[in-house]
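Working notes for the structure below.
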Amino acid sequence: MKIAVCIKRVPEMDVTFKIAPTGKAVDETGLKWDMSDFDGYAVEAALQLTEKAGTGEVHVISLGPDVVQETLRKALSMGVAKAVQLKCDTVPFDAYAIGTALAAELKDGGYDLIMFGKMSIDGANGVTQFVVAELLGLPLVHACSKLEIADGKGSARREIEGGGELVSFALPAIVSIDEGIARPRYPSLKGIMAAKRKPLEVRPAQLGEVRLTIETMELPPPRAAGRIIGEGAAAVPELVALLQNEAKVL
Amino acid sequence: MNPDFFNIESALSEEERAVRDSVRRFVDERVLPIIGQCYVDGRFPRELIPAMAELGVLGANLPEEYGCAGLNNVSYGLIMQELERGDSGIRSFASVQGALVMYPIYAFGSEEQKREWLPRMAKGEAIGCFGLTESDFGSNPSGMVTMAMEQPDGTWILNGGKMWITNGSQAHVSVVWAKTNGDKEASSIRGFIVPTNMAGFKAKDVKGKLSLRASDTSELTFDNVHLPATAVLPKSGGLKSPLMCLTQARYGISWGAIGAAIACFEEALSYARNRVMFDRPIGGFQIQQVRLADMLTEIVKAQLVSLHLGRLKDAGTFTPQQVSLAKRNNVDIATNVAREARRLLGGNGILAEYASMRHMANLESVYTYEGTHDVHSLILGQAVTGLNAFS
């Protein structure tokens, strides 16, 4: 079984973001970067599938400038066999442009399964996998929380409002991965050393036409300070009055 | 706020950062949730050994051909930093296994000894301890009385005892340093690989510790332990050999102390921001800001010392005296940082729920072992004056 996982390098989210002077991007000064969370789940799920099958290999693909090689090497250190960088100076904010480049790379790769995180945690669009599925004419199961491959067929579970949905599909196929499927392993120190010797191929990204651009970014307005109106039961009448008349939520 | 105030991150390679991040995650997920209770219970968490071995932290700077990770010395230091951010006892376990048992087997052992022990020790299947210190010979190991007598058939009979031995009661193998053949000069000291299941070998845990409680500390006794001829480390000779091991371990300790200091600083900073007294966070008071500024400054200086020392070690140009300076300084500042953090935490700071007092108590041992602070002062004194204060 040959699996490709498409991964994205994203900033770590536990910081206060600033907007760059252009007003169209995040200020990247001091940010730390890592593999997008859902993509990490996808890499782990892919590795577990091949380990369970006792055969096959996992490749990872990432699109962007040379800094994405660090994210690719992280996947290699987790146990992935080969990495491909689709090189471009900046990552466009357009899933069609990105999906076109990925589809061109994946088309003749002979993959049984192509995996994505269900969305990147920075852009949070969750669209790229749909573009690739459409361009390659493959079935797509979006946001899987469980995944099994047996006898050349796949089955997956999706979490839906109030329950679950079980889906079966033929291979080759595309799946995108939700949280809960598998917690990514941390790379072992030997894995980190071994990653340096694994193949990391670099090719120019054959981006599709960019039809979406960010015009402006803005931060949410600062929250006004709260107001203490009193304590205990005595404060309730005024609180109810304010919720009715000022906040207008009752 | 990240205590990496000087962006030392930028001086690390991608590989070094990756190593640190993996060990950091291991400590966050596996060590920190249990270590406070282990400390209270006086228990080393042996259940972590397989995961530590799988991660690759045991003998991580030794070559891959012996089943180790083959990392550089800066990566090794970062591992020690992260482990001690969890607890000095966890770092001590890894230091002893890697720097004090695997290293001497690697440096002074025969090829057969290396093949027999190093891969098993990297996998955590064999745990090691290091026997140099004796109850009456701590800072002056050359006075040791443990003696190995070579027999006509080339085998050895070992008698004596060792004290303050980390991992002693859980070890499968010990590297024991002994004088040989009745010669009381330090030049007769040699290293022996002593499996702990040999007749006449006994290990007894030291009770009543108020420091390093999440670590096994033992007393070893050797009563006519009959060792095969192959037990001796063939390339060991004189006190220099165990001191070379200590240089390795002290290097790691200089990094480990930074980890303990970072843990205390982060805890103190978080507490200072959130603890409200006189209607505002205590971090807004000048006295706590001075505390935090002092802690941060010392941590940054220690980070720079160890990082540069690691680069020198990787280049093969570091000296034991430089290691003394780093161990002495970094453990000292960590001890002070931990105490100031505990004080900033007020009454809460005496609880095991917070890490600072645990680190504070641990660091008193770290201050004392692997060359006391005072002994390192004299090593530095000798280095700069040329005058030996030991004799």
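The values are calculated or read from the model by the stated rules, or taken from the named source; none is laboratory data. Bear in mind that the values here come from a model prediction, so they are computed numbers and not experimental data. Glycine gets a Cβ as well: all are built from the backbone with ideal geometry, and neighbour counts include every protein chain shown. Just so you know, the surface numbers come from the protein's heavy atoms only, side chains and all, with ligands and any DNA or RNA stripped out. Shrake-Rupley method; radii C 1.70, N 1.55, O 1.52, S 1.80 Å.
Considering only the stretch A:54-164, give the helices (runs of 4 or more DSSP H) lying wholly within it that have at least 2 residues that are away from every other protein chain (no Cβ under 14 Å).
Numbers: elements: A:68-78, A:95-106, A:128-136.
Helices (runs of 4 or more DSSP H) meeting the threshold: A:95-106, A:128-136.
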### Query
Restricting the first residue to the stretch B:39-55 and requiring it to be on the phi > 0 side of the Ramachandran plot, which pairs with a second residue that is basic (K, R) meet a Cβ separation below 7 Å and a spacing of at least six or different chains?
B:G42/B:R213
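Every residue, every condition in (1) under 30 Å from B:K207 (Cβ atoms); (2) open to solvent by 50 Å² or more (accessible area, probe 1.4 Å), yes or no:
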{"position": "B:E16", "(1), (2)": "no, no"}
{"position": "B:S22", "(1), (2)": "no, no"}
{"position": "B:Q37", "(1), (2)": "yes, yes"}
{"position": "B:D41", "(1), (2)": "yes, yes"}
{"position": "B:I49", "(1), (2)": "yes, no"}
{"position": "B:M52", "(1), (2)": "yes, no"}
{"position": "B:L62", "(1), (2)": "no, no"}
{"position": "B:G67", "(1), (2)": "no, no"}
#### Entry: Sole exception among (1) under 16 Å from the mean Cα position of the chain (by Cα); (2) without any contact (Cβ under 8 Å) to a residue 40 or more places away in the chain for A:D89, by number
(1)
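Only one of B:D223, B:D205 is among the acidic types (D, E) and without any contact (Cβ under 8 Å) to a residue 40 or more places away in the chain; which? Show your work before the answer.
Working: B:D223 fails: without any contact (Cβ under 8 Å) to a residue 40 or more places away in the chain.
None of the other options fit; the residue is B:D205.
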### Query
Filtering the stretch B:1-56 down to residues that are within 14 Å of chain A (Cβ to nearest Cβ) and of a type in the set (S, T, N, Q), which residue is farthest from B:A263 (Cα to Cα)?
B:S13
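Condition check ((1) in a strand (DSSP E or B); (2) modelled with pLDDT of 95 or more; (3) open to solvent by 10 Å² or more (accessible area, probe 1.4 Å)) across all residues:
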site: B:K114; (1), (2), (3): no, yes, yes
site: B:P119; (1), (2), (3): no, yes, yes
site: B:C129; (1), (2), (3): yes, yes, no
site: B:N159; (1), (2), (3): yes, yes, yes
site: B:K162; (1), (2), (3): yes, yes, no
site: B:I165; (1), (2), (3): yes, yes, no
### Query
Which residues, taken from the stretch A:186-209, are touching a residue at least 60 places away in the same chain (Cβ under 8 Å) and open to solvent by 70 Å² or more (accessible area, probe 1.4 Å)?
A:K196, A:V202, A:R203, A:P204, A:Q206, A:E209
### Query
Can you tell me how many residues in the stretch A:176-201 are in contact with a helix residue (DSSP H, G or I) (Cβ under 8 Å, 6 or more places away or on another chain) and over 24 Å from B:E29 (Cβ atoms)?
4
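Tell me which residues, restricted to the stretch A:1-37, are within 16 Å of A:V80 (Cβ to Cβ) and within 19 Å of the chain's Cα centre (by Cα). Walk me through how you get there before you give the answer.
Residues of the stretch A:1-37 within 16 Å of A:V80 (Cβ to Cβ): A:1-9, A:34-36.
Result: A:I3, A:A4, A:V5, A:C6, A:I7, A:K8, A:R9, A:D34, A:M35, A:S36.
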### Task
With respect to B:Q97, determine if the residue is touching a strand residue (DSSP E or B) at 6+ places or on another chain (Cβ under 6 Å) and either outside the structural domain of B:V331 (by TED's automatic domain parsing) or of a type in the set (F, W, Y) (or both).
yes
